[in-house]
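Novice: My structure is below; once you've seen it, I'll send some questions.
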Amino acid sequence: MLTRRIFLKSTGLALVSFGVAPKVLLRTAYAEGSRRRKTLVVVFQRGACDGLNVVVPHGEEAYRRLRPTIAIPAPGGGREAALDLDGFFGLHPALEPLLPLWKEGSLAAVQAVGSPDATRSHFDAQDFMESGTPGRKATEDGWLNRLVQSRPDSEATPFRAVAMTPTLPRILSGRAPAVAMANIRDFDLRGGGDGLAARGFEQMYETATQDLLHGTGQETFEAMQFLKKSDPGRYQPAAGVEYPRGRYGDSLKQVAQLLKADVGVEVAFTDVGGWDHHAAEGGVQGQLAARLREFGQALAAFRRDLGDRMQDVVLVTMTEFGRTVRENGNRGTDHGHASFALVLGGDVRGGRVHGRWPGLAPDKLYEGRDLAITTDFRDVLGEVLARHLGARDLSRVFPGYAVSSTRFPGVMRA
Amino acid sequence: MRKNAICPSRRAAALALSLVVAIPAAALASKKAPRPATEDDALIVIVHALNRLGYGPRPGDVERVRAIGLDEWIDEQLHPDRIPDPALAAHLASLRTIRLSTGDLLAHYEVPREAKKEIQARRAELGDGASEEQMREAQRELMQKYRDRMDGTPQEVVQELQSAKILRAVYSERQLDEVMADFWMNHFNVFAGKGPVKFMVGEYERDVVRPHAWGKFEDLLRATAESPAMLFYLDNWLSADPNAPSFNDRGARSAFGRRPFVPRPAGEPARKRGLNENYAREIMELHTLGVDGGYTQKDVTEVARCFTGWTMRNPRQSQPQFLFDERIHDRGDKVVLGHRIRSGGKNEGDEVIHLLATHPSTARFLSYKLARRFVADEPPKALVDRAAETFRKTAGDIRAVVKTIVASPEFASPAARAAKVKTPFEFVVSAARASGAEVDDARALAGRVAAMGMPLYLQQPPTGYKDTADAWVSTSGLLARLNLALDLAAGKVRGVSADPSRPVSAQTLGSPEFQRR
């Protein structure tokens, strides 16, 4: 099934760059008795999602006081209130579709997560979270790419690392091959990938100078032919599963298709924007609620669509920072510090809010205004990488950071 | 014999065959070995200039530039007002909305308020049980009812903006002027998808950005600061001293007009507005100093206080207009970047703008960005230094800074040739130009640019689009480019008719060389 070139390229890469990998490391990535891979799906909420109105600390008096018009009321008020999770935290009511996942134990939340760098710039903060090196701008590749680099795999397919985005995101850029596509259907050449034109182009890019375009050209032609053979388009969502319309819902639907087609996805990425609510953020209803409705529906659909396959999948969400605890003058919130993460999957210790809650008392706030970070985002990711994917070499994925299981928030069943 | 010294006649033939639309790789291989200037070199230098100061050569452009003389042509491009551009108007004639004011667009292209209300009521009626399909159907029916009162839809306004941008880049003789307009629109990005901004962008580009694109940077910065598009996009129009009287008071209300944008739930008491830091942060991080330009969170808050009261009249009705409202201005003294700013109403914002526009970090940040656009993803430091020096000496004269860069040895150096990968916009426009095609309707081309991840006027974050190769080289992006190359060559792009007398092959447009500029 693998073309000779893919095989040579992958092994060549492994031998040249990383040395020969012990077989035991490779095996951990495969589920017991199956050709299926363990898969990680990363969803980036761009724009800095207001974690305090998503995983709502309704048990905290200061929360309501500091957000007089946008606080989500404590549970008990029916649909117009938070959905209680544990007596202290509640979910935004627009996330109701996630409640069954919470109850079945496949969905966990981590509160007060973030990147320790103090920046409140979207650009920098996203960059740091994608490079995996807060405060260091010179890092060339993304942590998801380094993860792939650190796990040489002679059987890797072109779809081992996939971004469902029109352009390759920072998080996946780097030396390891990765595919970016806005849509599976568009991933083909006019007249077919095996036609005359395709062969002409392929030749040109093969002989092109050794640069970015050359490498991308090779990856493109390999991936196109591989995708044609496996035809993921024939896997439609499971009965009764409806993804919300729009790019984000579509992208998760297509990740599910790729997984069902067994094209060898190990890491998948997508992003969803529209979280930068400086004005008219709203509470139970409003702009954030509308974004969350789509966000939650898509996650719930993804989980239901995958059914038993979810055993081999973990999906984790991230956002560049949280928002000010106090609402601003325009019924919105400004750039803050800590936010939240959701972790969804078969071996997730779900049904609970992980992480230490720092509280909202004035002396507990970061720089006197923002939710403090008690869990470094690399510890959430580190735990998922180690316990789900069996990744060993986390110092390569997060250079300069000593990932230690003692700091893991405990989102995965050990 | 040198490796690249293949038969001269073959090289010339290769150049001629590709219509001189890209610099052949064989020519690039000679970067290191200096050799006597040849006929080919002259052509390559011209293609380089056409690629960098514009959107690539059309058939005949190279010959034309050679006839005028390259230096003369560059000088002309630096003074666009001296270049006649008679053909462009005809290409833009069919676009009805691009000459209209924001007020006219709001009056004739915005969905009427009654329609919005009725749609909302209908949605509520259908309830949560209704499918997305039903909701959209209901909305479509209601829109039909109101459609004849409107001259067009909000979507058409955005489409025409996108079409105009493409047509100008394809057809204008003032190529460098188009590049600069694009550069500044991206630098001072606004997002047409945010509320009424789609009705403001046309005016913003036409009356705010373009008139200052070649002038003093400070004037451009001030013009954007006072523009309704920027005030709305980065929320400064809402920013107020938290201790100012409530904006729901009668007096304030008459000054601001009605505000459907921030609905007040029934029963909720009138409330005060407060400080919004969004613009204050971005003017420093993105518009002037750069993220490492030496400001702190405290500076952000202080700048936000200075800009309180910089707001506008009528954001959603009639003609939006800048307004300084002293009632919501924070009257205290401020300290910005170590400078004391005395309480002085609107002057405080003006002082901040002057302070930022003349700051050494700004000279450096803008010189770096311009050098990156014209020379290389990582521009030579010496060049950036010289450009920044020009910026300081000329008090931010944009033309002088651009001239320093494009007249530099670094710009002319063989190392700079084909060093940039085209963005999707640059690729699509240059492909249309190279093919000599007639573009009657640019919507399909705009759709291609969007599908490659660069929807025009629709970049949500204030960072604008990236100008470096790593952002635009991807597998799906490359496939989209190859498919456009195939479709253009086959005459299969709607609204674009190829020139049968000068066929350009898909292999040329899809080649690795053509992805570069």
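The values are calculated or read from the model by the stated rules, or taken from the named source; none is laboratory data. Computed from a predicted model, the values in this text were never measured in an experiment. When we count neighbours, we look across all protein chains shown, and the Cβ atoms used for this are built from the backbone with ideal geometry, even at glycine. Accessible surface is based on the protein model in full, side chains and every heavy atom, while ligands, DNA and RNA are left aside. Shrake-Rupley method; radii C 1.70, N 1.55, O 1.52, S 1.80 Å.
Novice: Here is a list: B:Ala442, B:Ala432. Which entry is among the hydrophobic types (A, V, I, L, M, F, W, C), under 16 Å from B:Lys165 (Cβ atoms) and touching a Gly at 6+ places or on another chain (Cβ under 9 Å)?
Specialist: B:Ala442
Novice: Among the residues of segment A:336-370, count how many are part of a loop (DSSP other than H, G, I, E, B) and farther than 13 Å from A:Val55 by Cα.
Specialist: 15
Novice: Here's something else I'd like to know. Determine whether A:Asp127 is open to solvent by less than 40 Å² (accessible area, probe 1.4 Å) and free of Cβ contacts under 8 Å to residues at least 60 places away in the same chain.
Specialist: So A:Asp127 passes the test.
Novice: A further question follows. Quick test for you: out of B:Val158, B:Val170, pick the one residue that is over 29 Å from B:Val303 (Cβ atoms), open to solvent by less than 10 Å² (accessible area, probe 1.4 Å) and in a helix (DSSP H, G or I).
Specialist: B:Val170
Novice: Does segment A:285-304 contain at least one residue that is at pLDDT 95 or above and assigned to a loop (DSSP other than H, G, I, E, B)?
Specialist: Looking through segment A:285-304, none of the residues is at pLDDT 95 or above and assigned to a loop (DSSP other than H, G, I, E, B).
Novice: Which numbered condition in (1) open to solvent by 20 Å² or more (accessible area, probe 1.4 Å); (2) at pLDDT 50 or above; (3) assigned to a helix (DSSP H, G or I) is the only one that B:Ser254 fails?
Specialist: (2)
Novice: Could I ask something else about it? Give me the residue from segment A:62-84 that is assigned to a helix (DSSP H, G or I) and modelled with pLDDT of 95 or more and, out of that set, most open to solvent (accessible area, probe 1.4 Å).
Specialist: That would be A:Arg65.
Novice: Condition check: open to solvent by less than 30 Å² (accessible area, probe 1.4 Å), touching a Leu at 6+ places or on another chain (Cβ under 7 Å) and under 20 Å from B:Leu286 (Cα atoms). Does B:Ser239 satisfy that?
Specialist: yes
Novice: Give me a count of the residues in segment B:457-513 that are within 26 Å of A:Arg170 (Cβ to Cβ) and either at the interface with chain A (Cβ under 7 Å from one of its Cβ atoms) or part of a helix (DSSP H, G or I) (or both).
Specialist: Total satisfying the criteria: 20.
Novice: Checking B:Ala416 against (1) open to solvent by less than 10 Å² (accessible area, probe 1.4 Å); (2) under 21 Å from the mean Cα position of the chain (by Cα), which single condition isn't satisfied?
Specialist: (2)
Novice: Given the options B:Lys393, B:Lys369, name the one that is without any contact (Cβ under 8 Å) to a residue 24 or more places away in the chain and not assigned by TED's automatic domain parsing to the domain that holds B:Val303.
Specialist: Being without any contact (Cβ under 8 Å) to a residue 24 or more places away in the chain and not assigned by TED's automatic domain parsing to the domain that holds B:Val303 holds for just one of B:Lys393, B:Lys369, which is B:Lys393.
Novice: When the residues of segment A:209-233 are filtered to those that are within 24 Å of A:Ser251 (Cβ to Cβ) and acidic (Asp, Glu), which remaining residue is nearest to the other protein chains (Cβ to nearest Cβ)?
Specialist: The selected residue is A:Glu219.
Novice: While we're here: I want to confirm something. Restricting to segment B:326-355 and keeping residues that are buried (at least 21 other Cβ atoms within 10 Å of the Cβ) and out of contact with any helix residue (DSSP H, G or I) (no Cβ under 6 Å at 6 or more places or on another chain), which single residue is nearest to B:Phe391 (Cα to Cα)?
Specialist: B:His329
Residue-wise test of (1) open to solvent by 20 Å² or more (accessible area, probe 1.4 Å); (2) at the interface with another protein chain (Cβ under 10 Å from one of its Cβ atoms); (3) of a type outside the set (Gly, Ala, Ser).
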position: A:Trp143; (1), (2), (3): no, no, yes
position: A:Ile171; (1), (2), (3): no, no, yes
position: A:Gly192; (1), (2), (3): no, no, no
position: A:Thr207; (1), (2), (3): yes, yes, yes
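Novice: If A:Asp153 satisfies every condition in (1) in contact with a Leu (Cβ under 7 Å, 6 or more places away or on another chain); (2) within 28 Å of A:Gly273 (Cβ to Cβ); (3) more than 8 Å from chain B (Cβ to nearest Cβ) but one, which is the exception?
Specialist: With (1) in contact with a Leu (Cβ under 7 Å, 6 or more places away or on another chain); (2) within 28 Å of A:Gly273 (Cβ to Cβ); (3) more than 8 Å from chain B (Cβ to nearest Cβ) applied to A:Asp153, the lone miss is (2).
Novice: Same structure again: Give just the number: which of (1) modelled with pLDDT of 95 or more; (2) more than 14 Å from every other protein chain (Cβ to nearest Cβ); (3) open to solvent by less than 30 Å² (accessible area, probe 1.4 Å) does B:Gly436 not satisfy?
Specialist: Unmet for B:Gly436, out of (1) modelled with pLDDT of 95 or more; (2) more than 14 Å from every other protein chain (Cβ to nearest Cβ); (3) open to solvent by less than 30 Å² (accessible area, probe 1.4 Å): (1).
Novice: Now for a separate question. Across segment A:336-351, what is the number of residues that are more than 14 Å from A:Thr375 (Cβ to Cβ), crowded, with 24+ Cβ neighbours inside 10 Å and not hydrophobic (A, V, I, L, M, F, W, C)?
Specialist: 2
Novice: Looking at (1) closer than 25 Å to A:Arg413 by Cα; (2) open to solvent by 30 Å² or more (accessible area, probe 1.4 Å); (3) outside any loop (DSSP other than H, G, I, E, B), which is the one condition that is false for A:Gly87?
Specialist: Among (1) closer than 25 Å to A:Arg413 by Cα; (2) open to solvent by 30 Å² or more (accessible area, probe 1.4 Å); (3) outside any loop (DSSP other than H, G, I, E, B), A:Gly87 violates only (3).
Novice: Name the residue that is least open to solvent (accessible area, probe 1.4 Å), counting only residues in segment B:286-325 that are within 25 Å of B:Lys194 (Cβ to Cβ) and of a type in the set (Lys, Arg).
Specialist: B:Arg305
Novice: Can we say B:Phe247 is hydrophobic (A, V, I, L, M, F, W, C), out of contact with any strand residue (DSSP E or B) (no Cβ under 9 Å at 6 or more places or on another chain), at pLDDT below 95 and buried (at least 23 other Cβ atoms within 10 Å of the Cβ)?
Specialist: It is true that B:Phe247 is hydrophobic (A, V, I, L, M, F, W, C), out of contact with any strand residue (DSSP E or B) (no Cβ under 9 Å at 6 or more places or on another chain), at pLDDT below 95 and buried (at least 23 other Cβ atoms within 10 Å of the Cβ).
Novice: Take the conditions part of a helix (DSSP H, G or I), under 30 Å from B:Ser474 (Cα atoms) and open to solvent by 30 Å² or more (accessible area, probe 1.4 Å) and apply them to B:Glu410. Does it pass?
Specialist: Yes, satisfied.
Novice: Please go through (1) open to solvent by less than 30 Å² (accessible area, probe 1.4 Å); (2) touching a Lys or Arg at 6+ places or on another chain (Cβ under 9 Å) for B:Lys165 and return the number of the only condition it doesn't satisfy.
Specialist: Against the list (1) open to solvent by less than 30 Å² (accessible area, probe 1.4 Å); (2) touching a Lys or Arg at 6+ places or on another chain (Cβ under 9 Å), B:Lys165 comes up short only on (2).
Novice: Of the numbered conditions (1) assigned by TED's automatic domain parsing to the domain that holds B:Tyr204; (2) assigned to a loop (DSSP other than H, G, I, E, B); (3) farther than 12 Å from B:Glu173 by Cβ, B:Pro84 fails exactly one; give the number of that condition.
Specialist: The number of the failed condition is (3).
Novice: Only one of (1) modelled with pLDDT of 95 or more; (2) under 30 Å from B:Phe232 (Cβ atoms); (3) part of a loop (DSSP other than H, G, I, E, B) is not met by A:Ile373, so which one is it?
Specialist: So A:Ile373 meets the others, but not (2).
Novice: Considering only segment B:213-236, how many residues are within 15 Å of the chain's Cα centre (by Cα), touching a residue at least 40 places away in the same chain (Cβ under 8 Å) and either crowded, with 24+ Cβ neighbours inside 10 Å or assigned to a helix (DSSP H, G or I) (or both)?
Specialist: Of the residues in that region, 5 qualify.
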